[in-house]
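The values are calculated or read from the model by the stated rules, or taken from the named source; none is laboratory data. For clarity, every value in this text was computed on a predicted model and none was experimentally measured. Because the Cβ atoms are built from the backbone with ideal geometry, glycine has one as well, and the counts that use them run over all protein chains shown.
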Amino acid sequence: MKQWIVKKSDDVAVQNIVEKTDLSKTAAKILSARGFNDIESLRDFFNLRELEDPFELIDMDKAADAVNDAVQNGEKICIYGDYDCDGVTATAILYSYLQMMGADVICYIPERSEGYGLNKTAIEKINNENAGLIITVDNGISAFDEAEYIAELGMKLVITDHHRPSDTLPRAIAVVDPHRSDCPSAFKELAGVGVALKLIAACEGDYTAALEEYSALAAIGTVADIVSLTGENRIIVTRGIESIKNTENIGLGALLDKCGISPDKIDSKTISFTLAPRINSAGRFGSAITALNALVSEDEDALEYVDELITLNSKRKEAESKIYDEILAFIEKNPSVLYERVLVLAGEGWHHGVIGIVAAKLLNIYEKPVFLISVDPDGNATGSVRSVDGFNVFNALAACEDKLIKYGGHEKAGGFSLKSCDIEGFTELLFEYANTEFDEIPPLYLTADTVIRADELTVDNIKSLSVLEPFGEGNSEPVFLIRGAKVANIYSLGKGNHVKINFTYDGITGQAVMFFKRVTELEFSVNDIIDMLVNISVNEYMGKESLSIKVIDYRLSGLDQNKYLNAKRAYERFVCRQKLSDSYLKAMTPTREEFVNVYKTLSALKKTSFDRLYYKLAVYRINFAKMLITLDVFDEMKLAKVDHAKKTAEILKATERVDLNNSKILNALKAPCFQK
């Protein structure tokens, strides 16, 4: 059970918004819950007309002059990109623009094995190609040594980036980065491709050509880089989505076709979950040049590159699944790793291009920061981190820098490299940091914008929310709480991999889908009353429109999430042999009757998830910590098999009578080391 937070709207503000705008009340409630409580803030949110003058970005005049001069003088230009979707699309639009201008232009995107950003080996190759100007996109702001090397070789450098700079800047003709402390631009959250788009506009003198020709790829890179979809990014993505619908880009059109996407149905969610992963797969699992060629080729070759992207994406999925399954198997044999404040796992041969994706999956399951480390045969190791709000990844890595070769990151994600012989020392430092800085790790929570009423569940009302698009980071797709729905029927979908439920809710009937969930894994049954966090959209099939309700999370109505989460934390403290008060220890110690009740309930279910068993035990008022300890005792006594990796328990056939008083776990509850 994850922690839910349900936002509250301002009733007075909602009424004022409804009276003074053409927004629906549901849209007004969502906007109010997100802090838009006056007409002026709404006007800023909905302003999709103009991008700020590109020359408001400091050094943009110098950058544009350098580019235009190089074009006019026939000087060879090299665009130096990055291997992620943002870097690839930024490279693609600038390359396509300069080609259209008749420039002598080449591209360089480093392989993932070379590492992020400029490197001297690549610079030497570019110099050997007789380039006179290097333009970085989506990188360069921290390339101090490399910038000096470029100057030594007699080449010029223009940096365009969107990562945060240090107090000093690399040596270059121009350093264009909205995060520069001396940059007067109003909007700071551009992706790398957004900065590149503005460079094109600066070279042209206005945005007309830039938006008409390149907003499609700019939208894809912006959404993929998970920057805030507010302000200017909202304008870029909105214009880009409209451009994608009528794209003449051969590769992009083929990619849409191969993914089965009708151009008129494209939205930010399609970009995020369908297009971006396939473009990213090249840099993760092959060469980013493949993705670049797919997006810039002007002939049938683009189709071959798109086919390769589809293949690479399939390989990426296979690699993810293999690493994920290997980790679950390890945790099943070593469940104690789950009860540290952070989860640290290392594996030989894990593909370093996909461990970040696997870390994100594990974060969602185990609800704590995840550090995954891929160990190479040569003794080097690469790590990727995903974290919760409140546990700053960069700060955590900084606390362990004595064991790291290189590291970087933001609040909730990061990467690092180290020698494999230092993994144990790094892990010890990380545990020390987590134990010192946090009495407990901040919870992973899910947020609902509002409780949706039954009379709001109409096609017209949900369609009215389209004005809030595009959705993404900083402007997420609305999440609704349906509270107190009665389950009428449960069906299996998609060869048993998904579930559909029919429900009744305050006099109306509805359907909802739970993806990647099997009927046997559900924690509820027909006639149970449940609460659901859901996304709601409108689906059209054979000319008929209906609501599509996708369940994000659910629970039985009436359960106290605070009691559950407090008990879960107490159990983890017990497993880690941390101090607990007498009252906690007493509340966690099962009575003989409770052992019987858990055993009988588990026997009836045979095999089940922890949460489903907990829901079934609600009638006995057995707290979650006590239930887990009971299960651990059963596992110890060979009465049940408990899998903490998959959070399941399975009853075993008893071969002989057991005496629970012999349990080491029960005796540990009375150990003096737990007393305050």
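Within the stretch 584-615, if we keep just the residues that are crowded, with 16+ Cβ neighbours inside 10 Å and acidic (D, E), the residue that is modelled with the highest pLDDT turns out to be E594. Scoring G353 on the criteria (1) in a loop (DSSP other than H, G, I, E, B); (2) closer than 30 Å to I250 by Cα; (3) in contact with a Ser or Thr (Cβ under 8 Å, 6 or more places away or on another chain) leaves a single failure, condition (3). Evaluate the following for S297: is it in the same structural domain as I79 (by TED's automatic domain parsing) and out of contact with any Leu (no Cβ under 8 Å at 6 or more places or on another chain)? For S297, the condition - in the same structural domain as I79 (by TED's automatic domain parsing) and out of contact with any Leu (no Cβ under 8 Å at 6 or more places or on another chain) - is met.
Checking each residue in the stretch 520-552 for being part of a strand (DSSP E or B) and either assigned by TED's automatic domain parsing to the domain that holds L605 or at pLDDT below 90 (or both) picks out E540, Y541.
Any chance the stretch 542-552 includes a residue that's under 18 Å from R612 (Cα atoms) and free of Cβ contacts under 8 Å to residues at least 60 places away in the same chain? Yes, the conditions are met somewhere in the stretch 542-552.
Taking the stated definitions as given, is V344 without any contact (Cβ under 8 Å) to a residue 40 or more places away in the chain, buried (at least 18 other Cβ atoms within 10 Å of the Cβ) and aliphatic (A, V, I, L, M)? Break it down into steps so the answer makes sense when it comes.
Working: without any contact (Cβ under 8 Å) to a residue 40 or more places away in the chain: no; buried (at least 18 other Cβ atoms within 10 Å of the Cβ): yes; aliphatic (A, V, I, L, M): yes.
When the stated conditions are applied, V344 does not pass them.
Please find, within the stretch 196-208, the residue that is surrounded by the most Cβ atoms within 10 Å (Cβ to Cβ) out of those that are outside any loop (DSSP other than H, G, I, E, B) and in contact (Cβ under 8 Å) with a residue 60 or more places away in the chain. Only one residue tops the list, namely A196. Might you let me know whether the stretch 538-547 holds any residue that is among the small types (G, A, S) and within 28 Å of T436 (Cβ to Cβ)? Checked against the condition, which is being among the small types (G, A, S) and within 28 Å of T436 (Cβ to Cβ), the stretch 538-547 yields no hits at all. Per the listing V176, V193, V105, the residue uniquely out of contact with any strand residue (DSSP E or B) (no Cβ under 6 Å at 6 or more places or on another chain), at pLDDT 95 or above and crowded, with 19+ Cβ neighbours inside 10 Å is V193. A single entry from K579, K517 fulfils the requirement of being touching a Cys at 6+ places or on another chain (Cβ under 9 Å), outside any strand (DSSP E or B) and at negative phi: K579. Go through the residues of the stretch 654-670 one by one and say whether even a single one is within 34 Å of the chain's Cα centre (by Cα) and over 21 Å from S581 (Cβ atoms). No, that holds for no residue.
The condition of being without any contact (Cβ under 8 Å) to a residue 24 or more places away in the chain, farther than 29 Å from A625 by Cβ and more than 27 Å from the chain's Cα centre (by Cα) holds for only one of T509, T601, that being T509. Collect the residues in the stretch 127-157 that are charged (D, E, K, R), part of a loop (DSSP other than H, G, I, E, B) and farther than 24 Å from G194 by Cα, keeping them in residue-number order. Within the stretch 127-157, E129 is the sole residue that qualifies. Residues in the stretch 112-126 that are among the small types (G, A, S), in a helix (DSSP H, G or I) and crowded, with 19+ Cβ neighbours inside 10 Å: A122 alone. When you scan the stretch 322-334, do you find a residue that is under 25 Å from G117 (Cα atoms) and either free of Cβ contacts under 8 Å to residues at least 40 places away in the same chain or not basic (K, R) (or both), even just one? No, because not a single residue in the stretch 322-334 is under 25 Å from G117 (Cα atoms) and either free of Cβ contacts under 8 Å to residues at least 40 places away in the same chain or not basic (K, R) (or both).
For the stretch 558-570, indicate whether the set of residues that are in contact with a strand residue (DSSP E or B) (Cβ under 9 Å, 6 or more places away or on another chain), within 21 Å of R483 (Cα to Cα), without any contact (Cβ under 8 Å) to a residue 12 or more places away in the chain and outside any loop (DSSP other than H, G, I, E, B) is non-empty. The answer is yes; a qualifying residue exists. Of the listed requirements (1) surrounded by fewer than 24 Cβ atoms within 10 Å (Cβ to Cβ); (2) at pLDDT 95 or above; (3) under 17 Å from L48 (Cα atoms), E146 misses just one: (3). Of all the residues in the stretch 411-451, those that are closer than 16 Å to A359 by Cβ, over 21 Å from the mean Cα position of the chain (by Cα) and of a type in the set (F, W, Y) number 1. Among residues of the stretch 30-50 that are over 22 Å from I536 (Cβ atoms), those with a beta-carbon under 6 Å from a residue that is among the β-branched types (V, I, T) and assigned to a helix (DSSP H, G or I) at least six positions away or on a different chain give the pairs L48/I235; L48/T238.
Looking only at the stretch 389-421, count every residue that is small (G, A, S), modelled with pLDDT under 90 and under 15 Å from S374 (Cβ atoms) and tell me the total. Residues that pass the stated criteria total 2.
Within the stretch 615-649, the set of residues being over 18 Å from A668 (Cβ atoms) and touching an Asp or Glu at 6+ places or on another chain (Cβ under 8 Å) comprises Y615, Y620, I622, A640, K641, D643, A645, K646, K647, A649. Between I236, I279, I261, I244, the distinction of being surrounded by fewer than 19 Cβ atoms within 10 Å (Cβ to Cβ) and outside the structural domain of H351 (by TED's automatic domain parsing) belongs to I261 only.
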